[in-house]
Amino acid sequence: MCETAFLQCIQPACRATFALNAPIYECSKCRALLDVAYDWNRLTPPSTLQAFEKRWATRSNPIDFSGVWRFRDLLPFAKDADLVTIGEGQTILQTPDTAAMSLPLRPGNLHLQYEGMNPSGSFKDNGMTAAFTMARMLGKQRVGCASTGNTSASLAMYASLTRLPNGQPMRGVVFVGAGKIAFGKLSQALDYGALTLQIDGDFDACMARVREAADRIGLYLMNSVNPFRLEGQKTIMYRILEGLRWQVPDWIVVPGGNLGNTSAFGKAWIELKQLGLVSRIPRLAVINAAGANTLYELYTRRGVRWNNGNWDCDTVCNHYDEMTKQGRKASTIATAIEIARPVNLSKALRALDAMNGVVCEVTDDEILEEKALVGRHGFGCEPASAASVAGLRQLLANGTIDRDARVVCILTGHALKDPDATVKYHTGIDTKGVTVSPGASNPTGRHANLPIRVADNIDEICRAIESSS
Ligand code: F0G
């Protein structure tokens, strides 16, 4: 284990430290979440961000090719020889100018960080590569997570590809809500051979059960309460900087579910500033689905703030009690973020504080419209990802974000994760593999692209093409 890295309680009043290999996910003194922390005085972080460019020339080395590990000097908890990688993080910062104008944002100022390009099709691979590195160092044979789909897909993929140092395989165990996850994601967990437990409950129930299983049978927990996951996810920010030739954007806009990304992004910028690698920190906008709006409710409506670790627990508990009493569960078309009790709430409050953040909520219809807009411009994403663009439209309309600002929206997952949502938007029909007859449906979306049923006849086919152009 690296002696220059350790676990540390995030509570400023506690700050207890633990060995890097302590099998814990929260502070054993005060129960707060833990960070992976570094003794930077004994390490040699890069003196400039440009220094990372030297790794572009050594891409034949898998850890220099990885979009996570080429920044390993900023997450130095493992030796090079211990790193697990399958080439994650080959993402591209896109600049879709026509989409920018429709928001409206000045051309050149809208960037989409397209995390759907990852090997399992979502940003989760950034975190899994780091968590698997630690699991392998600890010799953990069984790793598990609760998931709305993407975490389970990523865990299942890494589990099938990773062997322990002694050559033994690793076993992935995933807890998903029965009927709660998109088929693209379920198919991945099954195909990669993970033990897939379909629990009669939602994500919040799965999360509670997997934590119990972790305590009871030592299942190593790979959800974002595992602080190593967040170390990997910090690199999304480094790749954005790389894509902008190391210039800091004005805003980062991200969908919020379990708030792992939000937390990781905050930590990334706090560290970059502390290390003198950036001169300023961008602002953060976290976007909840209206049907899963815990952070919006607490932060925007009820004014809960990080407050140097003294955040208002009573208001949070009251909100959770109200939800329980009313039997209120999260519910949104964006199933990836259908979460009512985000485990990283406290770290997210810290990130919002450091990044002068805002939180808003968007409806399912707004999400679907922006998902179609993203698709129309050639960058497919799943519904949860499009919450970022829907949030940006709202924040431009109410003047929070200026149209001259340089904005990066995180597209967290690939469109093929949830094709049912896409087909339903374009056809108005809920069934799979449907053939649409003229007049059979009436989709109302602004970008709806209804398929046309045509006889197997070349004259009719040509007529259909010519009458549509
Ligand atoms: N977007 C997508 C596509 C996701 O899969 C998730 C989370 C989020 C956004 C929210 O990210 O939790 O960091 O705030 N999916 C988790 C899962 C919960 O189980 O796949 P977050």
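The values are calculated or read from the model by the stated rules, or taken from the named source; none is laboratory data. In this text the structure is predicted, and so the values were computed from the model without any measurement. Ideal geometry is used to build each Cβ from the backbone, glycine not excepted, and the neighbour counts take in all protein chains shown. Ligands, DNA and RNA are excluded from the accessible area calculation, which covers all protein heavy atoms including side chains. Shrake-Rupley method; radii C 1.70, N 1.55, O 1.52, S 1.80 Å.
Once both labels are positioned 7 Å from their Cα atoms along Cα-to-Cβ, the gap between E466 and T315 label points is 6.6 nm.
Rolling a 1.4 Å probe over the protein heavy atoms leaves K79 with an accessible area of roughly 120 Å².
In order along segment 355-364, the Karplus-derived 3J(HN,Hα) couplings, from 6.51 cos²θ - 1.76 cosθ + 1.60 at θ = phi - 60°, round to 10, 6, x, 10, 10, 10, 10, 10, 7, 4 Hz, and Gly and Pro are given as x.
What separates the Cα centres of segment 334-392 and segment 175-206 is a distance of 21 Å. Ratio of Rg to Rh for segment 24-91: 1.06 [Cα atoms; Kirkwood radius as inverse mean 1/r over pairs].
Measuring only protein heavy atoms, the 1.4 Å probe finds D404 accessible over about 80 Å². Distance between the pseudo-spin-label points of L138 and D73 (7 Å out from Cα toward the beta carbon): 2.9 nm. Would you mind computing the Rg to Rh ratio of segment 1-120 from its alpha-carbon coordinates, Kirkwood style for Rh? Over the Cα atoms of segment 1-120, Rg/Rh equals 1.08. Summarise the accessible area of segment 239-391 (1.4 Å probe, protein heavy atoms) by the percent that is carbon and sulfur. Carbon and sulfur: 43 percent of the exposed surface of segment 239-391. Using 0.36 nm times the number of residues separating F183 and I24, minus their current alpha carbon distance, what extension gain do you get? Contour length minus the Cα-Cα distance gives 54.0 nm.
Using a probe of 1.4 Å on the protein chains alone, the accessible area found for S331 is around 80 Å².
On the principal axes of its alpha carbon atoms, the chain extends 74, 52, 47 Å, with the longest extent given first.
Around R453, under 14 Å between beta carbons, what's the net of Lys plus Arg minus Asp minus Glu among the other residues?
Working: positive: R463; negative: D456, E460.
After counting each charged neighbour, the total is -1.
Which GluC sites (Glu not before Pro) does segment 205-269 hold that lie in a coil by DSSP with at most 10 other beta carbons within 10 Å? Can you show the working numbers first?
On the way: sites: E212, E231, E242; in loops: none.
Here no GluC sites (Glu not before Pro) fit, given the DSSP loop and packing criteria.
Projected area of segment 361-413, taken from the Cα convex hull and averaged over every viewing direction, in nm²?
Working: hull surface 14.3 nm².
For segment 361-413, the mean projected area of the Cα convex hull comes to 3.6 nm².
Dividing the summed -39500 (n - 2.57) terms of all DSSP H runs of n ≥ 4 by the residue count of the chain sets its mean residue ellipticity at 222 nm at -10500 deg cm²/dmol.
Name the shape class, rounded, prolate or oblate, that the alpha-carbon gyration tensor gives for segment 247-400, where a ≥ b ≥ c are the square roots of its eigenvalues, rounded holds for a/c under 1.5, and otherwise prolate holds if a/b is larger than b/c and oblate otherwise. Because a/c hits 1.5 or more and a/b fails to exceed b/c, segment 247-400 counts as oblate.
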